[in-house]
Amino acid sequence: MATRKKNATAGKRPTRAKAAARGKFIVLDGPDGAGKSTQVQLLSEQLERRGIRFIVLREPGGTTAGEVIRSLLLERREDRLTAVTETFLFEAARAQLMEEVVRPALARGTWVICDRFTLSTLVYQGYAGGVPVKAIEVMSALATGGLKPDCHLVLWVSAETGIRRRASRAADRMESKGKAFLKAVADAYRKLAREKKNRVTFIDAGGLVEDVRRKVWAEVALLVPQRQDGRRT
Ligand code: TYD
């Protein structure tokens, strides 16, 4: 008697739908006037073309509490906040953003592009503002829960270039701290970006927008899954 061929899948558990891969966390940081907003926009367009789901955030901000903190920090120029107060406020906004927005987005496979992150606090409040760097590192670790960007880029311009580029815009409270402060900011970014331990990539942003765009994409493309033909662009 002919035996019936067993169904090849019989007895096997139904295959589960593949869990979404974790999203990538990309940070663009750097001194005022480096062109971060332009590059965030260009990067967004490139990710869109590649069909990658992403959100764009800026620090401080991105949550209800974060936007209130942002206005305290940047808009109310008459308020004389100490650098320590600023540190607590930036870190508070960050803690909220991580918990409410960044972690959930990454977990559901959405990429996060963030305009500024922990390096900004280290530079503006620490190296330029005088708050002990070790204290800021502890506070940032608490605020982020140790989450690090997959790609942390510093778009760098000198203080002079930064000031020239922003000349047509009204300065916010941080920018109105004067040239010596902005020079300390630019110097600290360059120093930190060049120290390997900070895991950040230094990009000279003093040239053409298109050149900077290419350099930014060269770094981010390393995170993009390869297509069948092996291309990432
Ligand atoms: P910025 O990112 O330049 O936004 P916009 O392009 O809208 O002006 O503004 C944020 C300002 O806040 C900038 O001067 C840097 C400062 N800042 C700190 O001093 N510490 C921080 O931790 C962060 C996130 C920003």
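The values are calculated or read from the model by the stated rules, or taken from the named source; none is laboratory data. Only a predicted model underlies this, so the values are computations on that prediction, with no experimental measurement involved. Note that we place each Cβ from the backbone using ideal geometry, even for glycine, and neighbour counts take in every protein chain shown.
Going by the structure shown, is GLU59 in contact (Cβ under 8 Å) with a residue 40 or more places away in the chain and in contact with a Phe, Trp or Tyr (Cβ under 7 Å, 6 or more places away or on another chain)? Considered against the rule, which asks whether it is in contact (Cβ under 8 Å) with a residue 40 or more places away in the chain and in contact with a Phe, Trp or Tyr (Cβ under 7 Å, 6 or more places away or on another chain), GLU59 comes out as yes. Here ARG164 meets each of (1) more than 23 Å from VAL56 (Cα to Cα); (2) in contact with a Gly (Cβ under 9 Å, 6 or more places away or on another chain); (3) buried (at least 19 other Cβ atoms within 10 Å of the Cβ) with one exception, condition (3).
Scanning the range 74-98 for residues that are over 16 Å from the mean Cα position of the chain (by Cα), acidic (Asp, Glu) and either surrounded by 15 or more Cβ atoms within 10 Å (Cβ to Cβ) or within 10 Å of the ligand (Cβ to nearest atom) (or both) yields one hit, GLU86. Somewhere in the range 65-73, is a residue among the β-branched types (Val, Ile, Thr), touching a residue at least 12 places away in the same chain (Cβ under 8 Å) and within 15 Å of the ligand (Cβ to nearest atom)? Yes, the range 65-73 has at least one match.
Restricting ARG169, ARG227, ARG213, ARG194 to residues that are closer than 18 Å to GLN39 by Cβ and either among the β-branched types (Val, Ile, Thr) or modelled with pLDDT under 95 (or both) narrows the list to ARG169.
The number of residues in the range 44-92 being of a type in the set (S, T, N, Q) and either in contact with a Ser or Thr (Cβ under 7 Å, 6 or more places away or on another chain) or more than 24 Å from GLY130 (Cα to Cα) (or both) comes to 5. Taken over the range 114-133, the residue count meeting the criterion of being of a type in the set (Val, Ile, Thr) and more than 9 Å from the ligand (Cβ to nearest atom) is 2. Against the list (1) closer than 18 Å to ASP32 by Cβ; (2) without any contact (Cβ under 8 Å) to a residue 60 or more places away in the chain; (3) of a type in the set (A, V, I, L, M); (4) within 10 Å of the ligand (Cβ to nearest atom), the condition ALA180 fails is (4).
Condition check for PHE54 on (1) within 14 Å of the ligand (Cβ to nearest atom); (2) in contact with a helix residue (DSSP H, G or I) (Cβ under 6 Å, 6 or more places away or on another chain): one failure, at (1).
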